[in-house]
Amino acid sequence: MAMSSGQPVPSLTQEILGHLGLASKTAAWGTLGTLRTCLNFSVDKDVQRLLRAIAGPGVDRSTIVDVLTNRSREQRQLISRTFQERTQQASSGPAKDVATEILATRAPAQLQECLAAYKHDFQTEVEEDIKVETSGVLRDLLLALAKGSREGYSGIIDYNLAEQDVQALKQPAGPCSEGTWVIILTQRNLEHLRRVFELYRQRTGHELEEAVQTRFHGDSQVALLGLASVIRNTALYFAEKLHRALQEPEPNYQALMRILISRSETDLLSIRAEFKKKFGKSLYSSLQDAVRGDCRSALLALCRAEDL
């Protein structure tokens with residue numbers, strides 16, 4: 001989602017795609033050319049190798065060079081198309097999911113540091129990119145979260161306000177009611193919202209998430225469901241994200257590193273407990289079984305220990 005005010009900064013993905021067309025002509029057996037057709041070529045295997053090469057905290061440049069310099073032009077073009085399709089599929093939805101995660105789960109001081117770093121790195125305010133890259137309820141939700149104006153918990157639950165919020169959330173779908181959902185879910189303190197969730201279930205016979213699935217669609221629905229999970233149980237929210245990252249055909253190293261690093265000084269012990277409770281296996285053992293390569297020891301060190 002990041003953009004610069006001047007020339008766009010090329011990503012590693014763009015660099016790789018730019019170099020895939022390394023030669024203008026295909027060399028053939030019997031010529032003096034150095035790039036020849038790979039007889040055991042598999043586009044899926046090569047794309048997976050490239051994805052693994054850029055997924056970890058360091059870039060495996062030897063793998064990238066091997067793929068770029070040992071395939072014919074036609075093979076590289078096929079790799080390029082497939083690589084671009086897969087990275088676009090993996091980045092469009094998840095990029096917005098990551099934005100929701102960061103904006104919804106960082107403490108106010110951490111959020112301000114994130115926003116300041118974003119402005120420094122990309123020379124633009126995050127709000128401006130949100131306005132460009134999103135629309136509708138998702139845009140309103142992310143902009144509201146970026147303000148960091150959620151109320152702090154005073155230790156007192158306002159039961160009258162909780163009842164009012166439930167009634168407001170029950171109103172028929174429409175532009176005005178959508179704005180009400182954004183205001184309530186992004187400004188009320190978490191303890192208050194958990195009370196609202198319980199009252200909503202008592203008054204309607206349905207969980208609030210069921211209403212989200214009925215009233216909202218696409219990215220807005222995904223973001224609101226994610227926010228509801230954060231409100232209900234932040235540690236469980238992250239445990240489920242870690243589990244999904246580990247269950248992919250290749251572990252999602254970016255998600256694993258982001259979550260383990262960002263939560264290691266706040267609530268990783270709670271996340272570990274929720275992971276073991278929900279999935280019947282410790283996070284440490286799950287990392288040991290799924291993760292390979294240089295970052296394995298770093299991830300295990302962040303996780304710290306086995307939960308018996």
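The values are calculated or read from the model by the stated rules, or taken from the named source; none is laboratory data. Predicted model, so just to flag it, every value in this text is computed and none were measured. Every residue, glycine as well, gets a Cβ built from its backbone with ideal geometry; the counts of neighbours run over all protein chains shown. Remember, those area values only see protein heavy atoms, side chains included, never the ligands or the DNA or RNA. Shrake-Rupley method; radii C 1.70, N 1.55, O 1.52, S 1.80 Å.
Summary table below
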| item | result |
| --- | --- |
| Residue ID - least open to solvent (accessible area, probe 1.4 Å), chosen from residues in the stretch 247-289 that are farther than 27 Å from ALA109 by Cβ and of a type in the set (A, V, I, L, M, F, W, C) | LEU287 |
| Pairs with Cβ under 9 Å, 6+ apart, first in the stretch 265-293 and within 16 Å of ARG232 (Cα to Cα), second open to solvent by less than 30 Å² (accessible area, probe 1.4 Å) and part of a loop (DSSP other than H, G, I, E, B) | PHE275/SER282 |
| The listed residue being open to solvent by 60 Å² or more (accessible area, probe 1.4 Å) and acidic (Asp, Glu), out of ASP140, ASP165 | ASP140 |
| One residue from THR266, THR204 being over 14 Å from the mean Cα position of the chain (by Cα), at pLDDT 95 or above and hydroxyl-bearing (Ser, Thr, Tyr) | THR204 |
| Complete set of residues in the stretch 119-132 that are modelled with pLDDT of 90 or more and part of a helix (DSSP H, G or I) | LYS119, VAL126, GLU127, GLU128, ASP129, ILE130, LYS131, VAL132 |
| Scope the stretch 98-112; condition assigned to a helix (DSSP H, G or I) and either at pLDDT 90 or above or more than 19 Å from the chain's Cα centre (by Cα) (or both); matching residues | VAL98, ALA99, THR100, GLU101, ILE102, LEU103, ALA104, THR105, PRO108, ALA109, LEU111, GLN112 |
| Failed item, numbered, when ALA116 is tested on (1) at pLDDT below 90; (2) assigned to a helix (DSSP H, G or I); (3) exposed (fewer than 13 other Cβ atoms within 10 Å of the Cβ) | (1) |
